[in-house]
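Structure first, then comments.
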Amino acid sequence: MRLPASLERRLQELFPKVREREKFVVEIVEQALSDSGCKEDQPESVGGELHLFTDGGSRGNPGQAAIGCVLDDPAKGETIREHFACIGIQTNNVAEYQALIEGLKIAKRYHPNSLVCHLDSELVVKQLNGQYKVRMASLKPFVDEIKELSSEFNTVSFVHIPRGDNFRADALVNKALDAHPR
């Protein structure tokens, strides 16, 4: 299979060894094929309130980083969707922001009336809630993207939770990192 040159270059940056790169591509294709039976393209409209748990982490700071997202419907007591992915070499703060961005994109597809976003990053929550200024210019684009995505929901809130209460999203981050050690 031939990949676009830009994608091939990005994969080479993330996985310099050919064998690692090929293994990663195979895993992604297998995951996509196994996910294809789960109404991914046309999720049902849930409405009501959904809860999004996100986490991002890096092994080293910066280091190999990954994201994890869990979308729950508390009214039904069900997990609607889980997502995890490696995002290359990033800082832990970038990983936290990227996890939330991906989670918002996933949640948007279910059209909730209200979305409560639970994060264990106090910095990110306080920056998004306007309690802290975003001093690092490199984080500003992430904040802007989150604000843009948030505008597509009726109500969105960002809540800080203890790390222990975010164990499912954290486990997904570790699953992604363990699957692609460097």
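Between Val94, Val46, Gly77, whose Cα lies farthest towards the positive end of the dipole of the chain when Lys and Arg beta carbons carry +1 and Asp and Glu beta carbons carry -1, centred on the Cα centre?
It is Val94, whose Cα lies furthest towards the positive end.
Would you calculate the separation in nanometres between label points at Phe24 and Lys147, each defined as 7 Å from the Cα along the Cα-to-beta-carbon direction?
It is 3.2 nm.
Provide the convex hull volume over Cα atoms per residue for the chain, in Å³. Provide the component values of the computation, followed by the final result.
Values: hull volume 23.9 nm³, N = 182.
Output value, Cα hull per residue: 131 Å³.
Go ahead and run the numbers for FRET between Arg10 and Lys108, Cβ-Cβ distance against an R0 of 30 Å, rounding to 0.05.
Working: r = 25 Å, r/R0 = 0.83.
Efficiency, from the Cβ-Cβ distance: 0.75.
For the chain, what is the mean residue ellipticity at 222 nm derived from helices alone (per DSSP H run of n ≥ 4: -39500 (n - 2.57); sum divided by total residues; nearest 500 deg cm²/dmol)?
Numbers: 6 runs with 76 residues, N = 182.
So the calculated ellipticity at 222 nm is -13000 deg cm²/dmol.
In nm, give the distance between the simple-model label positions of Glu122 and Ala75, each being 7 Å from the Cα along the Cα-to-Cβ direction.
3.5 nm
Got the relative contact order for the chain handy, in percent, Cα pairs under 8 Å and 6 or more residues apart? List each step's numbers first, then the result.
On the way: 302 pairs, mean separation 44.7, N = 182.
Once normalised by length, the contact order is 25 percent.
Can you work out ³J(HN,Hα) from phi for every residue in the range 132-140, in order, using Karplus 6.51 cos²θ - 1.76 cosθ + 1.60 and θ = phi - 60°, giving whole Hz and x for Gly and Pro?
10, 7, 8, 7, 7, 4, 5, 8, 4
On a C-alpha basis, how far is the centre of the range 69-91 from the centre of the range 124-182 in Å? Whole number, if you could?
Comparing the Cα centres of the range 69-91 and the range 124-182, I get a distance of 12 Å.
Quick note: the coordinates plus some simple rules give every number you see, no bench work behind them. What you see is a predicted model; the values in this text were computed from it and never measured. Glycine gets a Cβ as well: all are built from the backbone with ideal geometry, and neighbour counts include every protein chain shown.
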